[in-house]
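Here the structure is laid out as structure tokens; the discussion comes afterwards.
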Amino acid sequence: MASPAPSASDRGGEVSEAALEFLLAELVNAQRERGEDGRRVMTRAGFDVGVKLAERCARVRPTKSRPLDRFLPILFVCKDWWTRCFKKRVDNLKTNNRGVYVLTDESFAWMRRVRAAGRTLEEEAAIARAECDARAAFPCGVIRGTLAALGLESNVSAETTPLSPGGGAKVAFTVRLKGAEGGPS
Amino acid sequence: AAWQATEKVNAELFTLTYGAIVRQVLADYEDCVPEANAKLDAMGRSIGGRLIEEFNAKNEQQRCVDFRDTCETIAGVALRMFLGVGGHCADWNADHTSCLVVMETNPLADFVELPERYRDLSYGQMLCGVIVGALEQVQTRATCEWEKDALRGGDGFAMRVTLVGQIDTPYPFDD
């Protein structure tokens, strides 16, 4: 095996947001025909990425003798994780204090270049909506994987609101912790 | 200058996401490596077709005058703008139709080690596809393949870009 090339990421390297968004769009393209199965595949791929990301960057880790406060991993995702990935914090965090958290990003980085070509404005809006929705599966998986690596089992879903055709989207991620009311048991 | 004007994200997330896509492509083609290579290439071409718009929007550069100029732009400007890595051209042939685009680092391939059964996997093939796809949009037909791939025992990362010909297209009135 050759000696490893110097690692851009280990030096805190950066790539353009566009490059990452293009990747995500291709992942969606490749799975588009497969409907629900494709969605599961993308969530699963995101989950793996989330686990690896948490292993690489989490400062707080649960141990058997010292389980984390349930709120800490959520805060970690909202602050550390978001800042590391998107250079900003989550714009808004709401909770019902019974294990359901809603993380809102007013302009989610992975949906800024969504293309929607249609014959009418309504058609374009519908296409943009479907595309943003499809793109949300992967980040839902990433968040779920990150939380899982920090010891929290959850379900994550997303509601996307395209800001205008081709102009990005507001995304509200709903995290339901295992055992929470209305969450997986 | 284009790099400063670009919205940036953590390379780690990019690298891990790329890895997840490669794994998924391998799974979709049941570990058939040639088909996975072809799929990664096709995905790259599709990206290249759109990436060129982003590139032109962020660069006020004049049209590239010839293939040499084009390759220098890929190595010196585009790689930096999208992947945050430096690069340069080397090993030009006599009539300037083929060169090596050498990358200082390769964020696609960080923390990657290929298991033996994927020996023939061209892990970063998507990037070759991106270059071919982007050049097609500027009426240039070219081929691009990894000539040095550290994942497959090479010293560093370098792609061989070769001009095949110009694409004659009528002016796209209804683009």
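Using unit Cβ charges (K, R positive; D, E negative) and no other charged atoms, how large, in debye to the nearest 20, is the dipole of chain B about its Cα centre?
Working: 15 positive and 28 negative charges, 34 e Å.
Dipole size: approximately 160 debye.
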Sequence-separation-based contact order of chain B, relative, with Cα cut under 8 Å and 6+ spacing, percent: 25 percent
Using only Cα atoms, locate the centre of the range A:84-152 and the centre of the range B:1-54, then give the distance between them in Å, rounded to an integer. 20 Å
Interface burial for B against A (accessible surface, 1.4 Å probe, total of both chains, Å², rounded to 100): 3900 Å²
Is the shape of the range A:17-177 best called rounded, prolate or oblate, per the rule: a/c under 1.5 gives rounded, else a/b larger than b/c gives prolate, else oblate, with a ≥ b ≥ c the square roots of the Cα gyration tensor eigenvalues? prolate
Expected integer from the mean partner chain Cβ neighbour count at 10 Å over A:21-29 is 6
Explain nothing, just the number: dipole magnitude of the protein assembly as shown about its Cα centre with +1 on each Lys and Arg Cβ and -1 on each Asp and Glu Cβ, in debye rounded to the nearest 20. 1800 debye
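Out of the GluC sites (Glu not before Pro) in the range A:96-185, which ones are loop residues according to DSSP with at most 15 other C-beta atoms within 10 Å? Write down the numbers at each step before the final one.
Numbers: sites: A:106, A:122, A:123, A:124, A:131, A:153, A:159, A:181; in loops: A:106, A:153, A:181.
Sparse-neighbourhood loop GluC sites (Glu not before Pro): A:106, A:153, A:181.
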Who wins for biggest fluctuation among B:77, B:65, B:138 in a Gaussian network model of chain B, springs between alpha carbons below 10 Å? B:65
Report the one residue of B:22, B:153, B:106 whose Cα lies farthest in the direction of the positive end of the charge dipole of chain B (charges on C-beta: Lys and Arg +1, Asp and Glu -1; origin at the Cα centre). B:106
Dipole magnitude (debye, nearest 20) for the range A:17-177, charges at Cβ of Lys, Arg, Asp, Glu: 760 debye
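Let me check against my output: what whole-number percent is the relative contact order of the range A:17-177, with C-alpha pairs under 8 Å and at least 6 apart?
31 percent
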Got a sec to turn the phi values of the range B:51-57 into Karplus ³J(HN,Hα) couplings, 6.51 cos²θ - 1.76 cosθ + 1.60 with θ = phi - 60°, whole Hz, x for Gly and Pro? 4, 4, 5, 4, 5, 5, 5
Can you work out the accessible area per residue across the range A:17-177, with the rest of the protein chains kept in place, probe 1.4 Å, in square angstrom? 47 Å²
Of the candidates A:107, A:51, A:137, the farthest towards the positive dipole end of the range A:35-146 (Lys/Arg Cβ +1, Asp/Glu Cβ -1, centred on the Cα centre) is A:51
Cross-link reach list, lysines versus residue A:52, counting only Cα pairs under 29 Å and skipping chain neighbours closer than eight places: A:64, A:79, A:87, A:88, A:94, A:170, A:178, B:8, B:39, B:148
Would you mind checking which residues have amide H under 5 Å from residue B:147's amide H? H placed 1.01 Å from N; only 5 or more apart, or other chain. B:158, B:159, B:160
Given axes a ≥ b ≥ c from the Cα gyration tensor, I'd like to know whether the range B:1-63 is rounded (a/c under 1.5), prolate (a/b larger than b/c) or oblate. oblate
Hey, rough spin-label estimate for residue B:23 and residue B:69, points 7 angstrom out along Cα→Cβ, what's it come to in nanometres? 4.5 nm
Quick one: 3J(HN,Hα) in Hz for the range A:132-141, Karplus 6.51/-1.76/1.60 with θ = phi - 60°, rounded, Gly and Pro as x. 4, 4, 5, 6, 6, 4, 4, x, 4, x
Quick one: if the Förster radius is 45 Å, what FRET efficiency do residue A:34 and residue B:164 give, using the C-beta to C-beta distance and rounding to 0.05? 0.85
Which of A:95, A:38, A:156 sits farthest toward the positive end of the charge dipole of the range A:17-177, with +1 on the Cβ of Lys and Arg and -1 on the Cβ of Asp and Glu? A:95
FRET efficiency for residue A:84 and residue B:119, Cβ-Cβ distance as r, R0 = 35 Å, nearest 0.05? 0.55
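The values are calculated or read from the model by the stated rules, or taken from the named source; none is laboratory data. Please read all numbers here as calculations on a predicted model, not as lab measurements. As a convention, Cβ positions derive from the backbone with ideal geometry for all residues, glycine included, and neighbour counts pool all protein chains shown. The protein model used for the area step is the full one, side chains on, heavy atoms only, and it has no ligands, DNA or RNA in it. Shrake-Rupley method; radii C 1.70, N 1.55, O 1.52, S 1.80 Å.
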